[in-house]
Amino acid sequence: MEGSQTQTQQEQQAPGGGNDISTIKRFLSQDPKSTLMNMARVFVAVNGIIFGVTTFFNQAMAYAAFQRLFLGFGIASILRLSQRVGATPTELNMAAIKQYMITTVLEDSAHYVLFAFNFYGYKPTTIVGMVPTLYCTMQAASFLLNMLKDCTSPSWSTMKAQLSKVRENQQKLLRVVATGEIFIMPLVILQLFTGQSGSILTPLVYYQFLMLRYMSRRNPYVRNAFSELRLATVQLVYKPACPGIIRSIVMKVISLIERLSPITYQPAN
């Protein structure tokens, strides 16, 4: 009894200790849906790390973490989508429903709902798991920084510093995510033809996802990544050391990709 009282007194005397817990509780209770969404993102980030570590020595644990990762990613994306598009239209006419569906499809979170369901149950693959892990790590870092913003205890300083580094490198991480999203396309095609995993629907659904990412109104990183990869590839194949037949094949592939590219969204002036 005396030990418990002493511990309580020490926590109260610690600078900011008791106040920090109250601050965190108050922050988490302000918006339950946002809190649930970001907890799902933290869940994804943790399972992404578990998957990355265990994939080298425990395939069963890695597979379980991979499935949990995509389950959490799907939940987080659905919650984010509900925040972005709001409630369903009250007027049940074709025009209102059509506008609602268009608005929903154009949302980035809708794209990631499609991504999550496409790869849930898929064979664990590093680059496929990397995309939601990095994306949720960035979002969770911003959430946790906001949560700890008013916490004054020195014990939070190390965590704040690490989270700040993640947020400072957000642009770089978004470019990595966009590049990863592009390279997944040839990977799923290769895995389909080699019989490693997936079905014919996996690359077809993923192609639709990639086109939606290319047309994204709020996130230009996939378009930028395509442009950067095209420029780098053209510069490489036009070097004197590159055989002419390789150059011809690569340029035909680039031309095919450009023809398959959708019309990008142009914001109104």
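The values are calculated or read from the model by the stated rules, or taken from the named source; none is laboratory data. The model shown is predicted, which means the values in this text are computed figures rather than measured ones. Here the Cβ positions follow ideal geometry from the backbone for every residue, glycine too, while neighbour counts run over all protein chains shown. Quick note on the areas: whole protein, heavy atoms, side chains included, nothing else; ligands and nucleic acids left out. Shrake-Rupley method; radii C 1.70, N 1.55, O 1.52, S 1.80 Å.
Quick notes on this one:
- The stretch 134-218 - charge dipole about Cα centre, Lys and Arg +1 at Cβ, Asp and Glu -1, debye rounded to 20: 260 debye
- Taking every C-alpha pair closer than 8 Å and separated by at least 6 residues, the mean separation divided by the residue count of the chain gives a relative contact order of 19 percent.
- Debye log10 I(q)/I(0) at q = 0.11, 0.15, 0.19 Å⁻¹ for the stretch 111-192, Cα point scatterers: -0.40, -0.64, -0.85
- Loop-located trypsin sites (Lys or Arg not before Pro) in the stretch 145-197 (DSSP state not H, G, I, E or B) with no more than 16 neighbouring Cβ atoms inside 10 Å: K149.
- Only one residue of A40, Y206, S142 has its Cα farthest out toward the positive end of the dipole of the chain, where Lys and Arg carry +1 and Asp and Glu -1 on Cβ, and that residue is Y206.
- The stretch 177-239, Cα convex hull volume normalised per residue, Å³: 92 Å³
- The chain - percent of accessible surface contributed by carbon and sulfur, probe 1.4 Å: 63 percent
- Derived scalar couplings ³J(HN,Hα) [the stretch 164-171; Karplus, 6.51 cos²θ - 1.76 cosθ + 1.60; whole Hz; x for Gly, Pro]: 5, 5, 5, 5, 5, 9, 4, 4
- With N the number of residues in the chain, Rg(Cα) / (2.2 N^0.38 Å) evaluates to 1.24.
- P(r), alpha carbons of the stretch 51-149 - 10 Å bins starting at zero, rounded %: 14, 36, 28, 16, 5, 1
- Entry note, the chain: the mean residue ellipticity at 222 nm calculated from DSSP H runs of n ≥ 4, each adding -39500 (n - 2.57), is -26000 deg cm²/dmol after division by the residues and rounding to the nearest 500.
- Lysines with Cα under 28 Å of K160, excluding same-chain neighbours fewer than 8 positions away: K25, K33, K149, K172
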